[in-house]
Amino acid sequence: MQALSDAKAGGNYTIKWMFGLPEVLEFLHSHHVEEGCDVQVIQKMTDGVIIAVQDTRFVLGNEIADRIQV
C-alpha cells in the first residue's frame, strides 16, 4: 500500500482505506470516493493530485491525499 499522494500519474488504483476530518470524508463519500472504489491519478502536482472517479475529476491537496491509502 502507498499514499495516494505517492501514486504515479496515469495509474489506476483501488482505495484500501482512508481517514481524516469527518467533513472531508463526508464530502468524498458523497462523490463516490470511498474504500473499494477505483481511482485514476490524472496528474501529480507539487502540492496535490488530480484524480478521476467515475466521470468526475477532483483536485486533492497532499494533506488529504496522504491520508488515502491505495
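Once the other residues with Cβ under 14 Å from the Cβ of Thr14 are scored (Lys, Arg +1; Asp, Glu -1), what is the net sum? Could the numbers behind the result be given before it?
Numbers: positive: Lys16; negative: Glu34, Glu35, Asp38.
For residues surrounding Thr14, the net value is -2.
Quick check: at a probe of 1.4 Å, how many percent of the accessible area of the chain sits on carbon and sulfur atoms? The partial results should precede the final answer.
Values: 2110 of 4280 Å².
Ligands and nucleic acids excluded, carbon and sulfur reach 49 percent.
Could you please report the charge total around Val53, scoring K, R as +1 and D, E as -1 over all other residues with beta-carbon less than 12 angstrom from its beta-carbon? Walk me through the intermediate numbers first.
Working: positive: Arg57; negative: Glu34, Asp38, Asp55.
Cβ neighbours under 12 Å give a net charge of -2.
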Margin query: Give the residue list of trypsin sites (Lys or Arg not before Pro) in the chain that are DSSP loop and have at most 10 other beta-carbon atoms within 10 angstrom.
Written below: Lys8
Next item on the list: Output the relative contact order of the chain, whole-number percent, from Cα pairs under 8 angstrom with separation of 6+ residues.
Entry: 44
Note to self: Using a 7 Å offset from the Cα along the Cα-to-Cβ direction at both Ile42 and Glu26, what is the distance between the two label points in nm, to one decimal?
What the structure shows: 2.6
Next item on the list: Using 0.36 nm per residue of separation minus the Cα-Cα distance, give me the extension gain between Trp17 and Val59 in nm, one decimal.
Entry: 13.3 nm
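What number comes out for accessible area per residue over region 10-70 if the probe is 1.4 Å? Units Å², please.
Working: 3730 Å² over 61 residues.
Computed with neighbouring chains in place, this is 61 Å² per residue.
Tell me, rounded to the nearest percent, the portion of alpha carbon pairs in the chain spaced more than 16 Å apart. Numbers along the way, then the final one.
Values: 875 of 2415 pairs.
Roughly 36 percent, once rounded to a whole number.
As an exercise, identify the chymotrypsin sites (Phe, Trp or Tyr not before Pro) in the chain lying in DSSP coil whose Cβ has no more than 10 other Cβ atoms within 10 Å.
Values: sites: Tyr13, Trp17, Phe19, Phe27, Phe58; in loops: Phe19.
Here the sparse-neighbourhood loop sites are Phe19.
The values are calculated or read from the model by the stated rules, or taken from the named source; none is laboratory data. This is a predicted model, so every value here is computed, not measured. When we count neighbours, we look across all protein chains shown, and the Cβ atoms used for this are built from the backbone with ideal geometry, even at glycine. Ligands, DNA and RNA are excluded from the accessible area calculation, which covers all protein heavy atoms including side chains. Shrake-Rupley method; radii C 1.70, N 1.55, O 1.52, S 1.80 Å.
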